[in-house]
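In what follows, a structure is listed as structure tokens, so that the remarks can point back to it.
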Amino acid sequence: MEILQLATLRKKFGARLRQIRAQRRMTQEQFAETLEISVDFLSLIERGRNAPSFETLDKIAKRLRLSVADLFSFNAAK
């Protein structure tokens, strides 16, 4: 049960991140470069296949000028 919940959280987070990135009109390549991560890793995060570290979460929030909590505001994603 817990594994399913974590997979769901990763997918929701990834979809939220992809939505915010697209709203900012940034490509995966541009965003990955600003985060100093590979495009492949960003793609894995956005597809919910992988999760960022706390350090990467902090970088994401800072680059997007959002709080980390905002990244997990899935109701706002609609």
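The values are calculated or read from the model by the stated rules, or taken from the named source; none is laboratory data. This structure is a prediction, so every number in the text was calculated from the model and none was measured. Backbone-built Cβ (ideal geometry, glycine too); neighbour counts: all protein chains shown. All accessible areas refer to the heavy atoms of the entire protein, side chains included, with ligands and DNA or RNA removed. Shrake-Rupley method; radii C 1.70, N 1.55, O 1.52, S 1.80 Å.
All conditions but one from (1) at pLDDT below 95; (2) open to solvent by less than 50 Å² (accessible area, probe 1.4 Å) apply to ASN75; the one that does not is (2). I'm trying to understand the selection: among the residues of the range 49-75, which are within 13 Å of ARG16 (Cβ to Cβ), free of Cβ contacts under 8 Å to residues at least 24 places away in the same chain and not in a loop (DSSP other than H, G, I, E, B)? Residues satisfying the conditions are LEU57, ALA61, VAL68, ALA69, ASP70, ASN75. Among the residues of the range 1-40, those identified as buried (at least 16 other Cβ atoms within 10 Å of the Cβ) and either among the hydrophobic types (A, V, I, L, M, F, W, C) or in a loop (DSSP other than H, G, I, E, B) (or both) are PHE13, LEU17, ILE20, MET26, PHE31, ALA32, LEU35, ILE37. From the list GLN23, GLN5, GLN28, which residue is in contact with a Ser or Thr (Cβ under 9 Å, 6 or more places away or on another chain), polar (S, T, N, Q) and without any contact (Cβ under 8 Å) to a residue 24 or more places away in the chain? Within the list GLN23, GLN5, GLN28, the selection yields GLN28. Only one of the numbered conditions (1) touching a helix residue (DSSP H, G or I) at 6+ places or on another chain (Cβ under 9 Å); (2) modelled with pLDDT of 95 or more; (3) open to solvent by 50 Å² or more (accessible area, probe 1.4 Å) is violated by SER43, and that is (3).
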